Protein chains: 2
Amino acid sequence: MEKRKRSETYSFLESISGPRSTHSETHGSTQSSQRLLAYSDALISIIATVMILPVAHTKIGEHEELKESVQVLLTTKIGVYLMTFLIVTVAWAAHVRLFQVIVRIDDCLALLNLACMMLITFLPYTFSLMATFPENHLGILLFCGCVMVIGLIQALVVVYAFSRPFLLKEQIQTSEDQKVYKHHILQVILKVPIMCFLASIFSFIFLQLSYVLLAIVIFLPYISQLLKWCRSKAIGQEETPDSEPLYQPSEPLSKERVEAFSDGVYAIVATLLILDICEDNVPDREIVRTVYNGSLVSALSGYGPEYLAYFGSFVTVGLLWFVHHSLFLHVTKTTRFMGLLNTFSLAFVGGLPLAYQLTHEFPHNSKNELEAIQVSCVIIFFVGINQLGIWVVALYNEQETLHPYVRYAGREHIFMLAKLALYPCVALGTFFLTCILSKFSASIFHLMEITVPLAFLVLRLLVRVALAGLRLVFCPERANPRTVLEEEQDALVT
Amino acid sequence: MEKRKRSETYSFLESISGPRSTHSETHGSTQSSQRLLAYSDALISIIATVMILPVAHTKIGEHEELKESVQVLLTTKIGVYLMTFLIVTVAWAAHVRLFQVIVRIDDCLALLNLACMMLITFLPYTFSLMATFPENHLGILLFCGCVMVIGLIQALVVVYAFSRPFLLKEQIQTSEDQKVYKHHILQVILKVPIMCFLASIFSFIFLQLSYVLLAIVIFLPYISQLLKWCRSKAIGQEETPDSEPLYQPSEPLSKERVEAFSDGVYAIVATLLILDICEDNVPDREIVRTVYNGSLVSALSGYGPEYLAYFGSFVTVGLLWFVHHSLFLHVTKTTRFMGLLNTFSLAFVGGLPLAYQLTHEFPHNSKNELEAIQVSCVIIFFVGINQLGIWVVALYNEQETLHPYVRYAGREHIFMLAKLALYPCVALGTFFLTCILSKFSASIFHLMEITVPLAFLVLRLLVRVALAGLRLVFCPERANPRTVLEEEQDALVT
């Protein structure tokens, strides 16, 4: 109370005339960038997954086999979705690396960043124009225009941040080569807009060339990274660590932002179907009265498959998120290659709700139903395999990327492996079972949907039992039955 | 390299037979709950805003005045949206308070939480069934069923967490009254499911009563909080601080989670229109060839208003996020009442893109266009006023809720006030201008769209100039012109 009285003695006029208000210290006007980045991650993850919606809403006749024209349309749309996803994640990675250098923001940077976000959210649309009208240069012009403006804004951000060094990360703040850093970063950032400028000029002369140019711009960092990694692993040579902590494409991505971006994608994807259900599956009052004699239950029972598809996809996406979450708990640093695998994994996740939706859309025991179920299995398999890939890559560099207790032969190693292997194994098993017992494909699929969550709940126990079994087989002298029993009890308790 | 070799000497069999793998320490199996909560926030914020989509996709004839039947339909849908938003935020608040007690999680809790999320995401649908068929008890049964299962899962979470006290927050871990805490929390949590159980029974006897019961359950904490706050302010008595840090509805919400939830809502809302644009506004190849003679530009020019609406709404939502972000930078603690105002503010934000979309959908200078523009202004005004309300409430308890430099008469106080007041003032001004100059309403609106971002960019400068002006008028003896000029330069530099 006393403090309050003290502060109340400053009147309004005192506050505007006194020296306190004109004090131009940095506190209060600069801010930690954390929340801005979280918001950007949320925006970008929504945009990355948005092109799945046109795929979802492609109308397919219920009682016809998938016609060729529909297949072509679907393939185009899926292609657009995948390309958009990759392009947006490239833009996101550039954003991550930029804000690994700029660690504090002020109002001006926040506003510039919002402008940048606005243009990034427009990219999917320009891209889908390109895909629909590949022979028209309007799409490519719009796309290049957006990328160039984004590049210019980012360059502006860099120039602004270097003119206020307290916004930069400690390392650069104290460094004497600030100018070198600045020029290097500007070079890296402006490379893409310049290439896009060339591509937009070429689009008037020779359209195909500008597409090639764009593809090179966008995927070069990934490809070069992949080749470098493959070569270093094939020859077995030590990777030379970057001697300078400069702004490089191979710099690991901030783990927090990879997590935030993944969370955004998983959250959007998990709710994709409920968005549709809330909008479409509330029956009309008139129809219920006339067609169903006012019985709401019988009107809703027609939507049963939709609900099933929703719960199935939510559970699967949720559990895949859970595996991802467990995996990244053990990771200390995300290398670029792990980021790439994560992107692939997320891109497949986006297709999951649609595949699930299809499984329940076709008549029972039709060829389409079987195909839809198998597609779902394949997608789940690829999501899981890519997650497993992240783990394998992390194990290759386990000293830098993993917590000690989860490294090879660590305490949690086998349990993590089991978690990661569960979905790919189940998906593969279901796939082959449906091939053999194609008549019971739907039942097998539903059984899988129900058992997997239970399997995750008792996974720790299952792993213990399996290990005990292995021990009994391979080292019978060490495994007296009491210990095994004890461990099982342990497992039940912990 | 040496370390690596050391770890490789543990073979697989050693790892499964050795004592290391059976070690049942808590490390690795328990985790910080941060990412789980971030994911939950993302899911809940999507669900909170999802019912705006049916509002958005209500078809309105282009050249007709808003008919009464359409108006009734729209009002119902908007009502459903608002109620869903409030109900979901109530569920969210309960979730926040639960995980303020449980600060660490393990796999089992993560899976239970996902199950809980799945049911929360289903609430909007049951609610929209209730709204469409108010005289049918199916909707209310489904809703109550979901709430009861959510309550049971949460009770399970509490029981599980108290059986493993290392998951709880320090304070409770070390307390001797763990059982008291547990029973108190269970009581609070199970109150809602029990009320819902009663409501579902009443629904068979007297439907209206069960609606009243539900309304009481859902809004009682808010209303009681509001009344308590009003009374304490009116009488001027000191609020008695809660003597025990128990699990209470008036406990402040975690600031991080309020931010995360708000970020999610702002992000979804900002991208609502681009979702539609990407899906609907790519013209068909056939139509372009036949109707527009293959000219893509002229085909796209018809979509001009949609693009304008998108950019307008993105900018507005982005800037409102920016204000929110600035506000919460200065806040140290969120009281329940601030959370309530934040919820109202967010609920209005959800309507913004649609209002913007409408402004460009009607023919120029029609009565509908004017109405749409005025509705947009009203929505912006209410968003801003609620944000301002958060600030005013925070000022009332500034000792607990605000950083020192932004309290009344603090260094940043006036600048923050200007930031918060900008949008309400502009919206109000635009509203009255369009009333007077109804012929130029569209031009005034567009002008507003362009000037507001610029105003934010130079706001610090504007505030300095205004303060200097005030000082010149009120304290002319202290304001020699040199100082004013100096300050302006200061403002330009910082």
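The values are calculated or read from the model by the stated rules, or taken from the named source; none is laboratory data. Values in this document were obtained by computation on a predicted structure and should not be read as measured data. Here Cβ is always computed from backbone atoms with ideal geometry, including for glycine, and neighbour counts include all displayed protein chains. These area figures cover heavy atoms from the full protein model, side chains too; ligands, DNA and RNA do not enter into them. Shrake-Rupley method; radii C 1.70, N 1.55, O 1.52, S 1.80 Å.
At a glance:
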{"read-out": "Ordering of A:209-217, B:333-341 by packing [mean C-beta count within 10 Å, highest first]", "value": "B:333-341, A:209-217"}
{"read-out": "Largest to smallest accessible area among B:Val282, B:Val288 [probe 1.4 Å]", "value": "B:Val282, B:Val288"}
{"read-out": "Label 7 Å beyond Cα on the Cβ vector: B:Ser301 copy-to-copy distances, nm", "value": "5.7"}
{"read-out": "Residue order for A:Cys377, B:Cys435 - accessible surface, 1.4 angstrom probe, largest first", "value": "B:Cys435, A:Cys377"}
{"read-out": "A:Lys439 accessible area, 1.4 Å probe, all protein chains in place, Å² to nearest 10", "value": "150"}
{"read-out": "Exposure ranking of A:Val465, A:Val473, A:Val406 by accessible area [1.4 Å probe, largest first]", "value": "A:Val473, A:Val465, A:Val406"}
{"read-out": "Cα gyration tensor shape for the range B:261-320, rounded if a/c is under 1.5, else prolate or oblate", "value": "prolate"}
{"read-out": "The range B:280-324-the range B:338-370 distance, computed between alpha-carbon centres (Å)", "value": "18"}
{"read-out": "Cα centroid of the range A:196-214 to Cα centroid of the range A:100-122, whole Å", "value": "28"}
{"read-out": "Shielding by partners, peptide A:359-366 (average Cβ within 10 angstrom, other chains)", "value": "0"}
{"read-out": "Closest approach to the axis - chain B beta-carbon, rotation onto A, Å", "value": "B:Ala42, 4"}
{"read-out": "Inter-chain Cβ neighbour average for residues A:403-413, partner chain, 10 Å", "value": "6"}
{"read-out": "Exposure of B:Lys77 as accessible area (Å², to 10), given a probe of 1.4 Å and all protein chains", "value": "60"}
{"read-out": "Heavy-atom accessible surface that A and B bury in contact, both chains counted, 1.4 Å, Å² to 100", "value": "10700"}
{"read-out": "Long pairs among B:Lys367/B:Lys439; A:Lys179/A:Lys228; A:Lys367/A:Lys439; A:Lys169/A:Lys255, criterion Cα-Cα beyond 19 Å", "value": "A:Lys179/A:Lys228"}
{"read-out": "Per-residue SASA entry for B:Glu135, accessible area with 1.4 Å probe, Å² rounded to 10", "value": "110"}
